[in-house]
Amino acid sequence: MTSIDDAKRTAARAALAELPEAGVIGLGTGSTTRFFIDALGELVASGRHYTGVPTSEASRAQATALGIPLLGDEGPWDIAVTVDGADEVDDALNLIKGGGGAQTREKIVSYSSRRTIIIVDGTKLSKQLGEKWAVPIEVLAFAHRATAAHLAKHGTPKLREKASVPVRTDAGNLIYDLHCGPIADPRALDRVLHEVPGVVETGLFIGRADLVLVASEDGVKRRAR
């Protein structure tokens, strides 16, 4: 691979082979998934019958521009496959997601899917979650400083900002990135974080990935759960 973008594009195109001939596809969010949505748009333009369920307004806008038919936000949906990226993948195929701030919608769509396929480049692999990434946590704006104080029992929470302005999710909530270092038990951490009032959803995806496609200089490797 000549660049990270090349690896992302390769992983995204490898996911096309995992799609059914037609059906409903969950559309993830992020830099790698954008390549997949582009490729899916090419299939739709060639006559393949796919309908998408976007996990963010950014993915919705991209899919709409490419002519991919979309289902409404309300659900329920019969999603054959969701294809999404990840910020970090551990040896057990648990994930940290939410670098793009869409982890809540991504988790909802994944939960409604028969399969979830994760596409990444090799830089996203870690032995344990937390080695490279903080855990993004979507929280209500109300009392968010109080929520952060409770989160501080489990790491160092930092309000996500851009140009000194708090980042808002598509639902209007805030994001705290919880720096906690290598996570020995991601499932246990996810459980205790959900017990904090004000937490909407975490970026810990435990047991959600059915297949991870990893692109590197050696090609694309399949890692199945």
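Key figures for this structure:
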{"quantity": "Residue selected from segment 211-223 under the condition of a type outside the set (K, R) and modelled with pLDDT under 95, by the criterion nearest to G100 (Cα to Cα)", "calculated": "A215"}
{"quantity": "Residue in segment 169-183 that is under 22 Å from V109 (Cα atoms) and loosely packed, with under 13 Cβ neighbours inside 10 Å present", "calculated": "yes"}
{"quantity": "Out of A184, A171, A188, A224, sole residue that is farther than 21 Å from D91 by Cβ, small (G, A, S) and not assigned by TED's automatic domain parsing to the domain that holds A11", "calculated": "A171"}
{"quantity": "Subset of segment 172-210 (residues that are aliphatic (A, V, I, L, M), over 17 Å from G99 (Cβ atoms) and not in a helix (DSSP H, G or I))", "calculated": "A184, V196, V199, I206"}
{"quantity": "Members of segment 144-165 that are without any contact (Cβ under 8 Å) to a residue 12 or more places away in the chain and either in a helix (DSSP H, G or I) or within 16 Å of V200 (Cβ to Cβ) (or both)", "calculated": "R145, A149, A152, K153"}
{"quantity": "Residues located in segment 11-31, provided they are modelled with pLDDT under 95 and hydroxyl-bearing (S, T, Y)", "calculated": "S31"}
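Yes/no per residue for (1) aliphatic (A, V, I, L, M); (2) more than 13 Å from L151 (Cβ to Cβ):
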{"residue": "C180", "(1), (2)": "no, no"}
{"residue": "T202", "(1), (2)": "no, no"}
{"residue": "A215", "(1), (2)": "yes, yes"}
{"residue": "K221", "(1), (2)": "no, yes"}
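The values are calculated or read from the model by the stated rules, or taken from the named source; none is laboratory data. Keep in mind that this is a model prediction, so the values were computed, not measured. All Cβ positions, even for glycine, are placed from backbone atoms using ideal geometry, and neighbour counts span all protein chains on display.
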